[in-house]
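Worksheet: the structure to be examined is printed underneath.
The values are calculated or read from the model by the stated rules, or taken from the named source; none is laboratory data. Small disclaimer: the values here were computed from a predicted structure and weren't measured. Every residue, glycine as well, gets a Cβ built from its backbone with ideal geometry; the counts of neighbours run over all protein chains shown. Keep in mind that these areas ignore ligands, DNA and RNA; they rest on the heavy atoms of the full protein, side chains included. Shrake-Rupley method; radii C 1.70, N 1.55, O 1.52, S 1.80 Å.
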Number of protein chains: 2
Amino acid sequence: MQNSRSKPCSCPSLKLREVASMYFTMVAAFLVILVVALQGSAPRQSDFPYKVPLDPQGLLELSWNVSYPEQAVHFQLLIRELQFGLLFGMSDRGEFENADLAVLWSDGHNSYFGDAWSDAKGQLHMDSQQDYQLLGARRAPEGLYLLFRRAFSTCDPKDYLIEDGTVHLIYGILEKPVRSLQAINISALHGGLQRVQLLKPNISIPELPGDTKTMEITAPDVVIPSQETTYWCYMAELPAGFPKHHIIMYEPVVTAGNEALVHHMEVFQCAAEFDSFPHYNGPCDAKMKPDRLNYCRHVLAAWAMGAQAFYYPEEAGLAFGGPGSSRYLRLEIHYHNPLVFKGRRDSSGIRLYYTATLRPYDAGIMELGLVYTPVMAVPPGEDSFILTGYCTDKCTQLALPAAGIRIFASQLHTHLAGRKVVTVLSRDGRERQVVNADGHYSPHFQEIRMLKEVVAVFPGDELITTCTYNTEDRSRATVGGFGILEEMCVNYVHYYPQTQLELCKSAVDPGYLHRYFNLVNRFNDEEICMCPQISVPQQFYSIPWNTFNRDVLKSLYGFAPISVHCNKSSAVRFPGEWEKQPLPSITERLPEPVPRCPPAPGPQPAAPVPLNLGQLRR
Amino acid sequence: MQNSRSKPCSCPSLKLREVASMYFTMVAAFLVILVVALQGSAPRQSDFPYKVPLDPQGLLELSWNVSYPEQAVHFQLLIRELQFGLLFGMSDRGEFENADLAVLWSDGHNSYFGDAWSDAKGQLHMDSQQDYQLLGARRAPEGLYLLFRRAFSTCDPKDYLIEDGTVHLIYGILEKPVRSLQAINISALHGGLQRVQLLKPNISIPELPGDTKTMEITAPDVVIPSQETTYWCYMAELPAGFPKHHIIMYEPVVTAGNEALVHHMEVFQCAAEFDSFPHYNGPCDAKMKPDRLNYCRHVLAAWAMGAQAFYYPEEAGLAFGGPGSSRYLRLEIHYHNPLVFKGRRDSSGIRLYYTATLRPYDAGIMELGLVYTPVMAVPPGEDSFILTGYCTDKCTQLALPAAGIRIFASQLHTHLAGRKVVTVLSRDGRERQVVNADGHYSPHFQEIRMLKEVVAVFPGDELITTCTYNTEDRSRATVGGFGILEEMCVNYVHYYPQTQLELCKSAVDPGYLHRYFNLVNRFNDEEICMCPQISVPQQFYSIPWNTFNRDVLKSLYGFAPISVHCNKSSAVRFPGEWEKQPLPSITERLPEPVPRCPPAPGPQPAAPVPLNLGQLRR
């Protein structure tokens, strides 16, 4: 025994040493009491131009700005009724596991601020690198303001990488004192998520001309239904004889107090082929809603929570009014009312800024991505299945002017299984530029986004749109189509000058898909009947999904020729041969962006920062 | 004109500022003349236990040590006839493009040292982060010693990540003065590559018992042929009646002066079924070489350049001698003589240390990976095609003792297309441990490597061996087989206690491969005949390779059941059903290792370090 105990064994002593070292570091950090700057004056609103409520009650209000030179976001978080602290952070899709968090907590006497992360089980840990940097805290009549900073990229593998596109913000409210960060039980928190585009593009705003007029398309004092989700439809009408104008800007009009309820709004123009539309005002899914409203789908304006005013580039405007365009507009408002407030009245909508002095170019909207057809399908049980739609060189060669077009904004679109969307511009087989990318795309947050850089597209260029889907919760294949449980992969790009090309999309050649069904049939011992007389969705539904059938479908989509829709409108193709076209080949990919790490002096050590907030309420 | 020139344009001024800032940084760095420690005494050999000549003439000699606590390698480079400097570095496979380099250069007056990198065209650039840290330089009668340090991982994307397994070192000699780093023309350099295992395992060496004897199996003063590559075969014989012993260690014996020529050496034991073997001494590929030598394939010892002595764990030894084992041994030496030296004599070989006091366990060698069969094939034109061989739970359940076996060393093996090899241990569908991995594997450098950690394998465990192949230079499929242009995927693992299991490998089920040929046939419009009467290689050669046929082959290998070889010897299977076995399913992968970045104070700024070496020869 004695002998075995005297064997050299370095592990326990090493651990003791580590623990001791951590302990003294912590003690030292506690002794260095941070003097939090109690600023005399409130920060101006222009310091934090972007604002969004985090919770449906509006108790937490986040404002922020983006510094591209510093590659950092500055946050100002207003906590209206602080209890014993809160969690604020980011995660891949808004979950509380594997999240990157800034935590303010109080044990009832003292308050602390720290950078933390949650593991796959939701357990909180202090981060070894403190990358949420506290800049100040301030008490005001309306609540407590916390100011903190976060670099886009920290090079800490526990941290969220802030990228272009959607960011899922999460919050949680501490309603009881907590002894320590580790003692916080995430699953018992009152919390939620909010989606925003954190990295707003840093573009200059064109001046509005002197003759700018405004028009408000707003709901007529409706009572927001006491249910979680309502799409409200309201029909508006332009004055008779309203001549052609250019919309050059629009902005949201949100009824005060309803900021946390109005999720997104769109103004659509109706189809010109109908002389009149009924004056409907009610839920969009009501049985009594006139069918004709389905012909009001041409987007004039779109806004979502956290978005600001939308400005057209100074050379272009969106035409509305005049002969050949409908006088009827449809306003659609998505009310998100998870707390089921009753009797809230709302007159939100969109304010259009327009001018009679037409700008040099009409702006247009072009649809890129996949044709709405069941031949493009996603097997069930996939965590990230990729489908790609092509706008081919042949189509842009034919349809774009020699001087090219300029894409300045983009709205990505999928149905419920969509998780990522990206469109890349390729020229001579080489990827040149990302048109728009969202690696945390959510079908519940479909903004029109101004691009950081205007993208010039010339005849012969290719626009390749790739969507990633998650079907882990589904038991049968998800086919392309219009249904909410079917899928789409679309990028509506806003560009000028307007061309005849409204739609440049693709889908796999149906003949090759038929060969796939045959192949699956034979490989799987002909146990299933892939009879040609049954529909494509039925054939997809009858496939016994396994890794082979799944992988071969991927291979098919990566190999088979495509049917190209190079259309003037959804029904009229440009002349030419568009069937069995070769897949664009890419010989050179864009390099993966390498995240820049924060420059020296770098992040702070891993210890919570004590905060002098006085005693919080018990 | 005036107007357009007065437009704000910040770019040129910004660039000027940057250039100016860089200039002043450089000047400042030059002013801080580094006092290079001119050490009074030479470093002891034990400071740098590993040594390898870099060039065939032995003008450059690299010694090094590995500090696992610091996660760094310390290099000592002896330059015997310094001209105007040299390049030393690492790259993926020994190429001079995309390399990570330490450069010593002289303009004829002053000398500098710096961390550089070469781009895809071979152009040199000073690295923005200086991670080769110069520790000293020392003149000695035999030449100049440079001492420098490099962390395994620098987190600089331009730097090579030093990992376990093979590292391709490169060197280049500057024969003329150069004005600057950028002026070095890599393509005109005299240079080359040397493969080593830089990260030698940090394992304790067992003591040799008092009765240890040695036996040298060495070439009998042969004249090294004046050709680049020679495999020399020499037959040796154990004394008659030599009883069973345990080899417990072996080491190389390299004739002085030939260190750069003796590339690798192996000692094989011949098959016991033949009573005698001819005493051959000559090239292994000579026409007059007796065929019977092909029956001498059981590895007793293997050494390759840069390797040290090989020690068996103290519980085990490799049995040789005694009844049932052949007295005949074959020594094979690979002479690498690219400068075609003439008349060099050599008596290199291997010195075996053995004992008659048998250790508790006999060591054994087991073959993991793929069966040598053409059903496993790699399409042409692939840059990294993966094939996987399985040692299944069913086989280990049957063949391994309840207490398991301990793998302590491993020799990876492929033919010319092999680029990576890795074996992973999986238990209950979860990957547990890497047995051996080489991400820069070269078929020209097949050492037996001691494992950093002994791997315990129990009944029911799975051993999964994955090989990555490059066939970009080939125009037809590469099938599995014995030929040098056919492929293998093997890991010879050294373990104890020895079991009956000699071979635990797999290959795809031939019936499913036949379905694949049919499928390819039909999908490609039946243009080709996949007639069943022609051989599998012929069927592979006749496939019109495209991404679909390639991808579906991958899918097949990832899906189809396997034929398992769970064998006592290459011909005798364990009893059981081994055909159409399910592929082991992996539910949890090992996480990718996250490289640790060097701790503060961190790397030095991006400027060359002036060195006071006196004037170099012109």
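The set of residues in the range B:143-159 that are within 14 Å of chain A (Cβ to nearest Cβ) and open to solvent by less than 40 Å² (accessible area, probe 1.4 Å) comprises B:Ser153, B:Thr154, B:Asp156, B:Asp159. Of all the residues in the range B:378-404, those that are of a type in the set (Val, Ile, Thr) and either crowded, with 23+ Cβ neighbours inside 10 Å or closer than 12 Å to B:His565 by Cα (or both) number 3. Checking the stated criteria, A:Asn491 turns out to be within 27 Å of the chain's Cα centre (by Cα) and either within 14 Å of another protein chain (Cβ to nearest Cβ) or of a type outside the set (A, V, I, L, M) (or both).
So for the range B:596-608 (the condition being open to solvent by 90 Å² or more (accessible area, probe 1.4 Å), at pLDDT 70 or above, assigned to a loop (DSSP other than H, G, I, E, B) and not charged (D, E, K, R)), does at least one residue qualify? No, the conditions are met nowhere in the range B:596-608. Report whether or not A:Pro239 is open to solvent by 20 Å² or more (accessible area, probe 1.4 Å), outside the structural domain of A:Arg150 (by the TED database) and within 22 Å of A:Ala409 (Cα to Cα). No; evaluated as a whole, the condition is false for this residue.
The rows are residues; the columns are (1) in contact with a strand residue (DSSP E or B) (Cβ under 6 Å, 6 or more places away or on another chain); (2) small (Gly, Ala, Ser).
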{"site": "A:Gly404", "(1), (2)": "yes, yes"}
{"site": "A:Leu412", "(1), (2)": "yes, no"}
{"site": "A:Ala437", "(1), (2)": "yes, yes"}
{"site": "A:His444", "(1), (2)": "no, no"}
{"site": "A:Lys452", "(1), (2)": "no, no"}
{"site": "A:Val455", "(1), (2)": "yes, no"}
{"site": "A:Gly480", "(1), (2)": "yes, yes"}
{"site": "A:Glu486", "(1), (2)": "yes, no"}
{"site": "A:His494", "(1), (2)": "yes, no"}
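When A:Lys176 is tested against the conditions (1) in the same structural domain as A:Gln83 (by the TED database); (2) touching a strand residue (DSSP E or B) at 6+ places or on another chain (Cβ under 9 Å); (3) charged (D, E, K, R), the lone failure is (2). Within the range A:115-133, the set of residues being farther than 18 Å from A:Gly172 by Cβ and part of a strand (DSSP E or B) comprises A:Gln130, A:Gln133. Taking the stated definitions as given, is B:Pro323 in a loop (DSSP other than H, G, I, E, B), open to solvent by 20 Å² or more (accessible area, probe 1.4 Å), outside the structural domain of B:Ala304 (by the TED database) and of a type outside the set (Val, Ile, Thr)? Taking the combined requirement at face value, the residue does not satisfy it. Of the residues making up the range A:323-368, just one is of a type in the set (Val, Ile, Thr) and on the phi > 0 side of the Ramachandran plot, namely A:Val340.
If the condition is being under 24 Å from the mean Cα position of the chain (by Cα) and over 21 Å from B:Ala437 (Cβ atoms), then the range B:157-177 contributes B:Pro157, B:Lys158, B:Ile170, B:Tyr171, B:Gly172. Whether a residue is touching a His at 6+ places or on another chain (Cβ under 8 Å), in the same structural domain as A:Arg573 (by the TED database) and over 24 Å from A:Tyr495 (Cβ atoms) was assessed, and A:His440 passes this test.
Residues checked against (1) surrounded by 20 or more Cβ atoms within 10 Å (Cβ to Cβ); (2) within 14 Å of another protein chain (Cβ to nearest Cβ):
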| residue | (1), (2) |
| --- | --- |
| A:Arg476 | no, no |
| A:Phe482 | no, no |
| A:Gln498 | no, no |
| A:Leu503 | yes, no |
| A:Ala507 | yes, no |
| A:Asn524 | no, yes |
| A:Ser542 | no, no |
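Scanning the range A:270-312 for residues that are within 17 Å of A:Thr230 (Cα to Cα), among the hydroxyl-bearing types (Ser, Thr, Tyr) and not in a loop (DSSP other than H, G, I, E, B) yields nothing. For the range A:160-177, indicate whether the set of residues that are over 30 Å from A:Pro338 (Cα atoms) and open to solvent by 10 Å² or more (accessible area, probe 1.4 Å) is non-empty. Within the range A:160-177, not a single residue is over 30 Å from A:Pro338 (Cα atoms) and open to solvent by 10 Å² or more (accessible area, probe 1.4 Å).
Residues are listed down the side, and each one gets a yes or a no for (1) within 14 Å of chain B (Cβ to nearest Cβ); (2) in contact with a strand residue (DSSP E or B) (Cβ under 9 Å, 6 or more places away or on another chain):
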{"site": "A:Gln533", "(1), (2)": "no, no"}
{"site": "A:Thr547", "(1), (2)": "yes, no"}
{"site": "A:Asp551", "(1), (2)": "yes, no"}
{"site": "A:Lys554", "(1), (2)": "yes, yes"}
{"site": "A:Gly558", "(1), (2)": "yes, yes"}
{"site": "A:Cys566", "(1), (2)": "no, yes"}
{"site": "A:Ser569", "(1), (2)": "no, yes"}
{"site": "A:Arg573", "(1), (2)": "no, yes"}
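Yes or no: B:Tyr335 assigned to a strand (DSSP E or B) and modelled with pLDDT under 95? Considered against the rule, which asks whether it is assigned to a strand (DSSP E or B) and modelled with pLDDT under 95, B:Tyr335 comes out as yes. Is there a residue in the range B:85-96 that is more than 14 Å from every other protein chain (Cβ to nearest Cβ) and more than 23 Å from the chain's Cα centre (by Cα)? Checked the range B:85-96: at least one residue is more than 14 Å from every other protein chain (Cβ to nearest Cβ) and more than 23 Å from the chain's Cα centre (by Cα). Residues that are open to solvent by 50 Å² or more (accessible area, probe 1.4 Å), assigned by the TED database to the domain that holds A:Lys580 and in contact (Cβ under 8 Å) with a residue 60 or more places away in the chain do not occur anywhere in the range A:461-470.
Among the residues of the range B:326-341, the ones that are more than 15 Å from B:Cys296 (Cα to Cα) and surrounded by fewer than 20 Cβ atoms within 10 Å (Cβ to Cβ) come to 6 in all. Against the list (1) buried (at least 18 other Cβ atoms within 10 Å of the Cβ); (2) more than 14 Å from chain B (Cβ to nearest Cβ); (3) touching a residue at least 24 places away in the same chain (Cβ under 8 Å), the condition A:Tyr512 fails is (2). Identify all residues within the range B:342-368 that are crowded, with 19+ Cβ neighbours inside 10 Å, touching a His at 6+ places or on another chain (Cβ under 8 Å) and of a type in the set (Gly, Ala, Ser); write none if there are none. Residues satisfying the conditions are B:Ala363, B:Gly364.
Just so you know, in the range B:564-573 the residues that are open to solvent by less than 10 Å² (accessible area, probe 1.4 Å) and out of contact with any Ser or Thr (no Cβ under 6 Å at 6 or more places or on another chain) include one that is modelled with the lowest pLDDT, and it is B:Asn567.
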